[in-house]
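Everything on this sheet refers to the single structure shown next.
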């Protein structure tokens, strides 16, 4: 407080009037009137939305469908035998079947099968819709991860979150519209949360990296070198100099925009740390997520942070596990460890969203860039499998306790009610009130959209 | 009908397949309901009972007339529909199931239909049978006709940008003509007069010098430069300044960067596999030098497309031209795509897009899948050019399994360098060959010996694995199918235990296999549980293993056949990667105990073999020592470039229907855009890609786009708005020129000036239109708010580089020397390709921003936040955004604060601690002008009130410096600093 005591009354009043530096947020009204000219201002969707925001839980590396959600008795029965049909091209695995080392059982009223790897999540199956017939392009991570995030396995395209931000804007101008928690640096890296040709403002703000939240800071948010008081004094003079500049120029949208963005920056600087502060949660909540437990702590923090960000108005939040699901060998160890790390936090996220009444209009999507082969790689691993895999969705307009689509008897190829990543994207946009064929952006001589010329809304999984 | 049948079959009876086709044709005609053959009856029955219901159930949703948008332009609700077929051609070849696209799609071979899932096997069989029977289809309704939009090239040519340049200079008389007006100004004035607007007066000198500095060299003027210019009363003060700046080597740094934006230049691949472009910087320097030398632009174009194919007079020229083709190479690619033909076509696509946009302002990508919807570019034009790039070698080899890498070409070197390297390579090869032969001898001899003294090898696949080990095959030289590494994580939690079962109790030499490397741990604990207890040995996994490059011995230990023994590799207390691959036990003979009872004959053989070993070992040692010595004195490696080459097989390219390479349409002869041809069909030989001809066509003075596009780019960089505002798009969806005559005048003059960039720049900056004030005038603003007609100068935000470089320059930190390779220390990848990698670690440098490494996916925030060009795409015009993150960076980044500190020290040293002097000096340094009275008052107030000033002089200085640094910091973050008036 000592710095504030040094300020005289006149200065304090001036600061308050500017709405700068956390002293006051009274400047908000001012900015709301300007919202129309701002690219992140909330926009009307194409139709009545069922979901207002998205939390995407990205299981990077490719979790195995036949070991988590898609039990295959034939696979167990013919363990060690030859796959009776052709495997996919360009893979390392040999066509020898490898059964799941885990037991499956039915859960919930809906009777959804879940393996013993996910004891917490299996208690939520009545909230979930499991899609067992996903398929995608890209036999390697780079292609498939980009496909999942941008709808293209080869070309540079905007990410899903960027499209959503572009389509809907954000409700809270003091926070970014799109946040990506601990995104990977490889496999496309920033392309997966980037904007390509969309305006740069729609790019995700990132916190942490490569599956690790780190100190959970937004870059350059806050200054370690000078005191708050000193910075507030700087800001006062800065904006005065800027306003004088604008006055001299008489009319300049650039300069006007810059002045506004400086103001918004400092609103963010005061609002964001509070949202990022997990200590504001009760001990019970923290424990429910698994914070403090060595195994679950990292992912639990990410899940809880995702909830806080969503609650505060962030439109699209992605959480990434880091590339941990890629069990070319040691399937058992790897999947066990990954499940232990993520099962409880994700279950807690669903509970928490539900308790707060947020699940109804928050679309939760869980999935990897592909699944894994039911045939063996090395002695105890599985290779990549974009030919058929499982994701699940919950909340915002999704059918509850529902399973959709099927793979073949061994869980290799999606054969029934196949859902391509383009279809998933179309469906996600649909739930958010956006028509994927109408959410366009004109660039380099053509109108681009997330689903390119593909994609069908999967109405069957919508409540 | 019968007659027709006969006629056809007689005429073509020599060719049986044609006969079949003819028969089919006649059957087809018959099936239209005239008379019915016996087979047709079966066919109709099958159609009605199975096929029609299946079509209705599975296909009509997307392929029938009552849908708004029919998919793939294919109708399956009439016979005529499938006969004509969709975009991929006829869907069914009656009688030939194997040639019918429809069946291929139903079988999910290539196209996958229906997309929601495969049809039941029986249904697919029904279709097969029905097609076999001639695909009799009684639905004789006319197929609704989709009128395909046929591109009319002739009509396309009437579009303004495809019209030849109007080289006649229109006679423009402006009544209030002044001698100071240049030709450019007359064009501008003429337009303004039409709406009764007047151009602004010339800007003041301080504004002008700042504008010129930033526009020509991307740096701010020093306060002393400003003073000199302001006080220079000579007539040619301005043109002198222009000429000085055009001659500065910093000119190429600034203008080269403009081109690098267009060339989507980067020092790494980005995408899925962020491989380092170790030689990319040579292309960067080529561009900078070309601008500094004022290389004629037509030559610049030719070199970048076909430099490797051009004649040369010297090795330097050869090298320069080869490096120039880096333009085709530096795009981002999905290197790990496992479908290599797909990758190849994607690379071709990237090159076509870049060449199209960069040189011609054409968006060609659209034509990959279908005729361009807006511009006169048919798909065939795209594949005519695709043939050229598909016959060009961009990728070559793999850097890891499934991961492609790019073509590298040796550059000509100095003769002495070349000779030294040749000599070295020869000696080295001989030595290596020698070593390899000797090693083979040794191996054979050892194997014979080993036959007698047993060797036990245990691979990781037999080991007991604890913790999360990652299986890998990336580094070569491992035992078995793979090796394991600990991902450099979970230290202390992971171990690999190799169980040992020996049949003979004896002393064994224990050897450990690993794949070495600099990032390996140098103190891996290896625990050996043997007959006498436990021993822990620390193993350094960085050097090459000594035994056969596979194993390193960790000592000799006794083992008993009836006792459990193990060797365990752990990652406890280690840093770096720990490798676990295999261990080997080699029985050691001791005097006490011979290895095995050998027969006399065996013993004799053993001793003989053993004797043979010694001289081989000695010879090997000598050879290896020699090689080591030789390597130590190796000459510098010959320079290499990221450069294109001709592909070994040259061919035209098929049209890929819908852009899908598996879906082959007709072959297209290699050629260029029909709408902009400068002569008739180019003659491209059978043994050349056609890049040379492509380059000649683009650089042809008659090409309607090339000169227009580049002078428009220059105009845009100097004026702030292109005559064609969409600088990369001169097509239908692009903007129309605001001053078409001016554009043509500039383009024609440019070519007359031998395609000189510098002369064009000089011409523009000397014009009044460039020198105008940017001041606001309400009456003009009301008529032309966007200032399209140039009634004043456009105000522009500085590019990211100028923001960073200015701060460095103003704080006396900027290093103006050119950079070399920005990525010298990086490996194949900029950082490990795991999502757990920390990412690329940036080195600090105070060189100009152009020399910062452009690592895709890892660009410096100060550049990206201020709209640095995304190196993944062609960027002729950078976005200008105002986002809060910019303000956060300016106010909180250590870099800006550090520059403020340095600048404060510099100013204090120069003018002492008088607050007024400090404020004046600060304004002059940062804004190139003195403060106004109000600014002076505010500045002094800020410096004074910031702190209570202590009495001690040393303390006072410190406090002063801090206050001043904070004041400078404010100006760095201000709107005036980032704007160019």
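The values are calculated or read from the model by the stated rules, or taken from the named source; none is laboratory data. Because the structure is predicted, anything quoted here is derived from the model rather than measured. Counting neighbours? That spans all protein chains shown, and the Cβs are built from the backbone with ideal geometry, glycine included.
Tabulated values for the structure
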| quantity | calculated |
| --- | --- |
| Residue A:398 over 28 Å from residue A:155 (Cβ atoms), at pLDDT 95 or above and touching a strand residue (DSSP E or B) at 6+ places or on another chain (Cβ under 6 Å) | yes |
| When residues of the stretch A:263-284 are limited to those that are part of a loop (DSSP other than H, G, I, E, B) and modelled with pLDDT of 95 or more, the one nearest to residue A:179 (Cα to Cα) | A:281 |
| Yes/no for residue A:287 being in a helix (DSSP H, G or I), farther than 27 Å from residue A:141 by Cα and assigned by TED's automatic domain parsing to the domain that holds residue A:95 | yes |
| Test set (1) modelled with pLDDT under 95; (2) over 25 Å from residue B:414 (Cβ atoms) - residue B:314 fails condition number | (2) |
| Every residue from the stretch B:855-866 that is part of a loop (DSSP other than H, G, I, E, B) and in contact with a helix residue (DSSP H, G or I) (Cβ under 6 Å, 6 or more places away or on another chain) | B:857, B:866 |
| Residue B:793 being away from every other protein chain (no Cβ under 14 Å) and buried (at least 20 other Cβ atoms within 10 Å of the Cβ) | no |
| Strands (runs of 3 or more DSSP E) contained in the stretch A:384-458 and holding at least 3 residues on the phi < 0 side of the Ramachandran plot and buried (at least 24 other Cβ atoms within 10 Å of the Cβ) | A:389-395 |
| Those residues of the stretch A:103-126 which are in contact (Cβ under 8 Å) with a residue 24 or more places away in the chain and touching a helix residue (DSSP H, G or I) at 6+ places or on another chain (Cβ under 6 Å), in sequence order | A:108, A:109, A:110, A:112, A:114, A:115, A:117, A:118, A:120, A:121, A:124 |
| Answer residue from the stretch A:127-154, given it is closer than 19 Å to residue A:415 by Cα, out of contact with any helix residue (DSSP H, G or I) (no Cβ under 9 Å at 6 or more places or on another chain) and not in a loop (DSSP other than H, G, I, E, B) and is farthest from the other protein chains (Cβ to nearest Cβ) among those | A:130 |
| Output for the stretch A:308-324, where each listed residue is surrounded by fewer than 23 Cβ atoms within 10 Å (Cβ to Cβ) and either free of Cβ contacts under 8 Å to residues at least 60 places away in the same chain or in contact with a helix residue (DSSP H, G or I) (Cβ under 6 Å, 6 or more places away or on another chain) (or both) | A:308, A:311, A:312 |
| Any hit, the stretch A:321-334, residues being at pLDDT below 95, closer than 22 Å to residue A:42 by Cβ and either more than 14 Å from chain B (Cβ to nearest Cβ) or in contact with a strand residue (DSSP E or B) (Cβ under 9 Å, 6 or more places away or on another chain) (or both) | no |
| Qualifying residues in the stretch B:853-884 (those that are over 17 Å from the mean Cα position of the chain (by Cα) and under 13 Å from residue B:264 (Cα atoms)) - the one surrounded by the most Cβ atoms within 10 Å (Cβ to Cβ) | B:877 |
| Residue selected from the stretch B:949-961 under the condition in contact with a helix residue (DSSP H, G or I) (Cβ under 9 Å, 6 or more places away or on another chain) and touching a residue at least 24 places away in the same chain (Cβ under 8 Å), by the criterion farthest from the other protein chains (Cβ to nearest Cβ) | B:957 |
| Qualifying residues in the stretch B:963-977 (those that are within 7 Å of another protein chain (Cβ to nearest Cβ) and assigned to a helix (DSSP H, G or I)) - the one farthest from residue A:235 (Cα to Cα) | B:976 |
| Contacts under 7 angstrom Cβ, first residue in the stretch B:918-933 being within 14 Å of residue B:220 (Cα to Cα), partner not in a helix (DSSP H, G or I), 6 or more apart | B:923/B:929; B:923/B:930; B:923/B:931; B:924/B:930; B:928/B:220; B:928/B:221 |
| Search result, residues across the stretch B:195-224 that are over 42 Å from the mean Cα position of the chain (by Cα) and either assigned to a loop (DSSP other than H, G, I, E, B) or on the phi > 0 side of the Ramachandran plot (or both) | B:195, B:196, B:197, B:198, B:199, B:200, B:201, B:204 |
| Tabulated pairs, the stretch A:214-237, first facing chain B (nearest Cβ under 8 Å), second in a loop (DSSP other than H, G, I, E, B) and at pLDDT below 85, C-beta under 9 angstrom, 6+ apart or interchain | A:230/B:946; A:231/A:21; A:233/A:7; A:233/B:946; A:235/A:20; A:235/A:21 |
| Exclusive hit being within 11 Å of chain A (Cβ to nearest Cβ) and crowded, with 17+ Cβ neighbours inside 10 Å, set B:934, B:906, B:938 | B:938 |
| Unique match (being farther than 30 Å from residue A:88 by Cβ and in contact (Cβ under 8 Å) with a residue 24 or more places away in the chain) among B:331, B:252 | B:252 |
| Those residues of the stretch B:837-852 which are buried (at least 18 other Cβ atoms within 10 Å of the Cβ), in a loop (DSSP other than H, G, I, E, B) and modelled with pLDDT of 90 or more, in sequence order | B:848, B:852 |
| Residue, surrounded by the most Cβ atoms within 10 Å (Cβ to Cβ), within the stretch B:267-283, restricted to residues that are over 20 Å from residue B:334 (Cβ atoms) and touching a strand residue (DSSP E or B) at 6+ places or on another chain (Cβ under 7 Å) | B:283 |
| Subset of the stretch A:247-257 (residues that are modelled with pLDDT of 90 or more and within 7 Å of chain B (Cβ to nearest Cβ)) | A:249, A:255 |
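A quick yes/no check of all residues on (1) part of a strand (DSSP E or B); (2) touching a helix residue (DSSP H, G or I) at 6+ places or on another chain (Cβ under 8 Å); (3) away from chain A (no Cβ under 11 Å):
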residue: B:303; (1), (2), (3): no, yes, yes
residue: B:306; (1), (2), (3): no, yes, yes
residue: B:321; (1), (2), (3): no, yes, yes
residue: B:342; (1), (2), (3): no, no, no
residue: B:388; (1), (2), (3): no, yes, yes
residue: B:396; (1), (2), (3): yes, no, yes
